[in-house]
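Notes for the one structure printed next.
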Ligand SMILES: NC(=O)C1=CN([C@@H]2O[C@H](COP(=O)(O)OP(=O)(O)OC[C@H]3O[C@@H](n4cnc5c(N)ncnc54)[C@H](OP(=O)(O)O)[C@@H]3O)[C@@H](O)[C@H]2O)C=CC1
Ligand SMILES: O=C(OP(=O)(O)O)[C@H](O)COP(=O)(O)O
């Protein structure tokens, strides 16, 4: 059993903790937070040992009636691997801690690529992360793009990717984010940071990305155009994607017209927190024109990186190869709508 520490128990960290607990070959050793709040209370309720991320604030937990198992240093020292899911930039500050205890660490997409040995997407470059000490699970958007590009590259070859990303303004709990009533070119410079980020997974890829932010919280939406190296029929691409467990092709018959109905479907299907771990591609949007492929896909920013973190744990610990790990993760979580 791999003993996994989760440092940073917010949107991503709490989901990774639940997903790790569901795996047959790993356990949550504990989770670390800086302060007591509703997430600290639910961590305790779920039976996750709670560690203090900042020593001087440890007494705040006691004042709130929450038992602390120890300082984060103890957690990192005992873990086989640590998943850092702290806010952007904090992971970089924590790197020295993980090095001090010689504990392999996973970081999230908010960290810079040059912090780590390898940027990771399970479907695309699992092997690069085997036995690495510092691995970054790329952002929700980069994960979503990589999952589509990998099979297209393997099957047809990719000449050029052009993607427009309509990004949600903030997560549902982020009341301080926006815009409230606007459509922002964001980042206004082109390409957006997503293209270079996808190139950390596929170094030789030609990709341009444009980003926007809109007053929505549920999901991102991608409009994709990929120029392939050969003429392709749309039905063939649909068949290719149907074999990819982390691509959900939304059937026309379901009458799912956007992020709202997708989330409603996830909740009806009994998904925890209404999470959609898969890219959600509208099957009718999958079109081709000669060598050009087009589609729309919804990306659930809070959850698509969760199975990727689980696979990255197996990669850095050398516990399984890509195919075995992805299959185990998918089965344990119930991935494949
Ligand atoms: N949300 C998203 O859509 C996605 C986020 N990411 C990336 O994942 C990472 C985490 O993002 P997200 O989960 O959204 O962030 P959140 O703010 O939701 O969660 C991070 C948590 O870390 C805790 N924290 C803050 N400082 C420390 C510290 N020094 N040590 C330990 N814990 C700390 C905070 O809780 P507290 O202070 O209460 O302990 C906070 O709840 C970022 O790199 C982000 O870019 C990637 C894909 C999608
Ligand atoms: O990594 C993400 O988005 P991004 O790839 O658009 O930067 C996550 O959805 C977090 O995005 P944020 O940087 O808008 O918080």
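Each reported figure results from applying straightforward, stated rules to the coordinates on display, with no laboratory input. The shown structure was predicted, so the numbers you read here are calculated from the model rather than taken from an experiment. Quick reminder, even Gly has a Cβ in these numbers, built from the backbone with ideal geometry, and neighbours come from all protein chains shown.
Bridges between two residues of region 235-323, per DSSP, are antiparallel at a rate of about 55%. Rounded to the nearest 0.05, the FRET efficiency derived from the C-beta distance between residue 102 and residue 42 at R0 = 30 Å is 0.45.
Nearest 0.05, what FRET efficiency do residue 292 and residue 239 give at R0 = 22 Å with Cβ-Cβ as r? Can you show the working numbers first?
On the way: r = 18 Å, r/R0 = 0.83.
The computed FRET efficiency comes out at 0.75.
Extension gain, residue 206-residue 128: 0.36 nm per intervening residue step, less the Cα-Cα distance, totals 26.0 nm. Please list, by residue number, everything in region 234-258 whose backbone N is under 18 Å from a paramagnetic label point 7 Å out along Cα→Cβ of residue 155. What the label zone holds, given the 18 Å backbone N cut-off, is 234-252.
Were the residues from residue 171 through residue 193 laid out at 0.36 nm apart, the gain over their Cα-Cα distance would be 6.0 nm. Enter the angle in degrees (range 0 to 90, nearest 10) between the Cα long axis of helix 90-100 and the first principal axis of the Cα atoms of the chain, meaning the one along which they spread out most. So the inclination is approximately 60 degrees.
On a full-extension model of 0.36 nm per residue, what is the gain between residue 117 and residue 35, subtracting their alpha-carbon distance, rounded to one decimal in nm? Walk me through the intermediate numbers first.
Working: separation 82, 0.36 × 82 = 29.52 nm, distance 3.07 nm.
Difference between extended and current length: 26.4 nm.
Could you calculate the FRET efficiency of residue 252 with residue 63 from 1/(1 + (r/R0)^6), where r is the beta carbon distance between them and R0 is 56 Å, rounded to 0.05?
On the way: r = 55 Å, r/R0 = 0.99.
Approximately 0.50, to the nearest 0.05.
Based on DSSP H runs of at least 4 residues, each adding -39500 (n - 2.57), what is the mean residue ellipticity at 222 nm of the chain after dividing by all its residues, to the nearest 500 deg cm²/dmol?
Values: 12 runs with 113 residues, N = 337.
Estimated from H runs of four or more residues: -9500 deg cm²/dmol.
Taking the alpha carbon gyration tensor of region 1-127, what are the square roots of 5 times its eigenvalues, largest first, to the nearest whole Å? Walk me through the intermediate numbers first.
Details: eigenvalues 111, 53, 35 Å².
Listed largest to smallest, the semi-axes of region 1-127 are 24, 16, 13 Å.
Cα centroid separation, region 1-33 to region 290-334: 16 Å. For region 194-337, the square roots a ≥ b ≥ c of the C-alpha gyration tensor eigenvalues yield an a/c under 1.5, which makes the shape rounded. For helix 259-268, report the angle its Cα long axis makes with the longest principal axis of the Cα atoms of the chain; keep it between 0 and 90° and round to the nearest 10°. The helix 259-268 is inclined about 60 degrees to the chain. Ranked by the mean number of other Cβ atoms within 10 Å of their residues, highest first, the peptides 90-96, 101-107, 253-259, 279-285 fall in the order 101-107, 279-285, 90-96, 253-259. Annotation: the antiparallel percentage among DSSP beta bridges lying fully within the chain is about 40.
Counted over region 140-299, the DSSP beta bridges are approximately 65% antiparallel. At the listed q of 0.08, 0.13, 0.14 Å⁻¹, the Debye profile of the chain, built from one uniform point per Cα, gives log10 I(q)/I(0) equal to -0.37, -0.98, -1.14. Computed from Cα atoms, the angle from the helix 140-156 axis to the main principal axis of the chain rounds to 40 degrees.
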